[in-house]
Amino acid sequence: MLPEESHPHLGEPMIGKRHLAEITEIRDNILYAVNDRGWELQHWDQGVLDTYEWSLGTRDHSPITHRPSTGHPSPTDLAREDDAAYEELRFGADPHRQTYANGVQHATMWLRGQTDSQPWSLWIRS
């Protein structure tokens, strides 16, 4: 087996520890679930989607700190957002915002390589 076959995204741009194409595929799957299958995003799901869109540079600000985006976030930006989501979870007063922050934190942890558990359950296209 060639190295490219075991690592299909080898050589592609990275956001944190994840390949740009991998994040794009997952974001597109979320949009498929919403736009083609009628899935209604809950606060947690929205936090995951917003984090992936921010990481891809298609969102004009970060999901928790609302810092302006100028492309893909750096490892420091990802860590800052992860920390802010954690603080919102611990000390936030709004349960919906806390649930949103939980989705953001799971997505940033996955992007940073702190977990291999990607937080969105992929939909099978029919």
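Note on the range 49-94: residues that are among the charged types (D, E, K, R) and either surrounded by 15 or more Cβ atoms within 10 Å (Cβ to Cβ) or in contact with a helix residue (DSSP H, G or I) (Cβ under 6 Å, 6 or more places away or on another chain) (or both) total 9. Regarding the range 23-30, can at least one residue be identified that is farther than 21 Å from GLU87 by Cβ, touching an Asp or Glu at 6+ places or on another chain (Cβ under 9 Å) and not charged (D, E, K, R)? Yes, some residue in the range 23-30 is farther than 21 Å from GLU87 by Cβ, touching an Asp or Glu at 6+ places or on another chain (Cβ under 9 Å) and not charged (D, E, K, R).
Inside the range 106-126, can you point out the residues that are free of Cβ contacts under 8 Å to residues at least 40 places away in the same chain and of a type in the set (S, T, N, Q)? Hits for the range 106-126 are GLN114, THR115, SER117, SER121, SER126. Within the range 58-100, the set of residues being over 21 Å from LEU41 (Cα atoms), of a type in the set (A, V, I, L, M) and part of a loop (DSSP other than H, G, I, E, B) comprises ALA93 only.
Annotation: LEU41 fulfils all but one of (1) modelled with pLDDT of 95 or more; (2) part of a helix (DSSP H, G or I); the unmet one is (2). Does PRO68 satisfy the condition of being over 10 Å from the mean Cα position of the chain (by Cα) and touching a residue at least 40 places away in the same chain (Cβ under 8 Å)? Here the answer is no, as PRO68 does not meet what is asked.
The values are calculated or read from the model by the stated rules, or taken from the named source; none is laboratory data. What you see is a predicted model, and the numbers here were worked out from it, not measured in a lab. Neighbour counts are summed over all protein chains in view; Cβ atoms, including those assigned to glycine, are modelled from backbone coordinates with ideal geometry.
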